[in-house]
Amino acid sequence: MARPPRPDKPGPARSRPSAEAAPQGIPVETAIGLAYRHWEAGQLPEAEMLCRQVLAVWPGQADVLHLLGLMAHALGQLDVAIDHLRQACAQPTAPATYFSNLGELCRRAGRLEEAERAARQAAARDWTAPGIWSNLGIILQEAGKLEDSARCLKRVLALAPDSPEGHNNLGNTLALLKRLEDAAVRYGAALLLNPLYPDACSNLGKLTGELGQPDQGLALLRRAIGIEPRMADAYLNCADLEGRRGRWAEALDWLEALRDFAPDHPGLARGRALALTGLGRTGEAQAALGDPVENAPR
């Protein structure tokens, strides 16, 4: 499937003109711009210090709250990031991008209802941004609202027809709708636009195998791994295709290769258990599963 989109990092939205000065004596809007530059340079402590100083003289400043949210997300503090972005979006001048970023972070936290609300607010504010429609389409895909997801992702392609990610993401939704031939067309279009796009290559390989062409599917999956050697989904897809035709030893080989670099991958334990069961090694299969709640709590 597609890698999730990254939150955008726009510059300050200029909520209002201000001649107020931050504590170090520079104009507030200069301090906001400098904070964003520190953030983009990876200088988070300096960026946060400026943000806090701006909020001391301009409480509720949307651009600063948005930036604090991006920094919290970069530090792995997802709940804190969401809270900052909620505050930013509560400001009347918050741009569409802030709502889209709030939706994306809520999606990552599994809060799909809030994610959808925020993403729809973003789309209502800016109908012309492909990234906003892409975020909404992926949120709806994860929520199981597949027809709505397909409509949003078609909108992405209407706005950006040369987007490999747009074709791939639409392919994912069409595959979930069981429109497999249409999905294959979209994955193929993504690869025509970017032959080195591993997600599309892996997705097309999996689908090709499911459509009754396992050798061609495995060739595409090997190509995806050649492009991105640590692409876990491609290894799982290879194991699945081999298992479908009873080649459990080959399936286990792919899973052992995955275990070498991703021993905690949530799909690994189940995959290994299936392959070991297929080989008649039921004791090892039970040991591979371990505690399913501990191994895959979600």
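None of the figures in this text is laboratory data; all of them are computed from the coordinates on show. This is a predicted model, so every value here is computed, not measured. Note that each Cβ is placed from the backbone with ideal geometry, even for glycine, and that neighbours are counted across all protein chains shown.
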Checking the cross-link filter: which aspartates and glutamates have an alpha carbon closer than 12 Å to that of Lys206, excluding same-chain neighbours under 8 positions apart?
Asp215, Asp233, Asp240, Glu242
With axes computed from alpha carbons, what is the tilt in degrees of helix 214-227 against the longest principal axis of the chain, rounded to the nearest 10 within 0 to 90?
40 degrees
Highest GNM mean-square fluctuation among Met49, Met71, Met231, for the chain with Cα springs under 10 Å, belongs to Met49
Residue with peak Gaussian network fluctuation, the chain [Cα springs, cutoff 10 Å], from Ala115, Ala257, Ala81:
Ala257
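With the contact rule set at Cα under 8 Å and sequence spacing of 6 or more, what percent relative contact order holds for the chain?
9 percent
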So, relative contact order of the stretch 197-298 in percent, Cα under 8 Å, 6 or more apart, is 19 percent
When the expected Rg is taken as 2.2 N^0.38 Å, what fraction or multiple of it is the alpha-carbon Rg of the stretch 197-298?
1.04
Each label point is 7 Å from the Cα along the Cα-to-Cβ direction; what then is the distance between the points at Leu211 and Ala90, in nm?
5.0 nm
Apply 1/(1 + (r/R0)^6) to the Cβ-Cβ distance of Glu46 and Phe261, taking R0 = 51 Å, and write down the FRET efficiency to the nearest 0.05.
0.90
Got a sec? Charge dipole of the stretch 197-298, +1 on Cβ for Lys and Arg, -1 for Asp and Glu; which of Gln213, Leu279, Pro266 is way out at the positive end?
Gln213
Rounded to one decimal in nm, the spacing of the 7 Å Cα→Cβ label points at Thr128 and Thr282 is 6.5 nm
GNM result for the chain, Cα springs below 10 Å: residue of Gly144, Gly69, Gly212 fluctuating most strongly:
Gly212
Relative contact order of the stretch 48-140, please, whole-number percent, based on alpha carbon pairs below 8 angstrom and at least 6 residues apart.
21 percent
Just one of (i) 19.9; (ii) 18.6; (iii) 21.3 is Kirkwood radius over Cα pairs in Å calculated from these coordinates, so which is it?
(iii)
Calculate the all-directions average of the projected area of the stretch 61-172's alpha-carbon convex hull, and give it in nm².
6.6 nm²
Calculated over the stretch 132-190: convex hull of Cα atoms, volume per residue (Å³):
56 Å³
Pseudo-spin-label distance Gln77 to Arg230, built 7 Å along Cα→Cβ, given in nm, is 2.6 nm
With just the Cα atoms defining each centre, how far is the stretch 42-114 from the stretch 128-142? Give it in Å.
19 Å
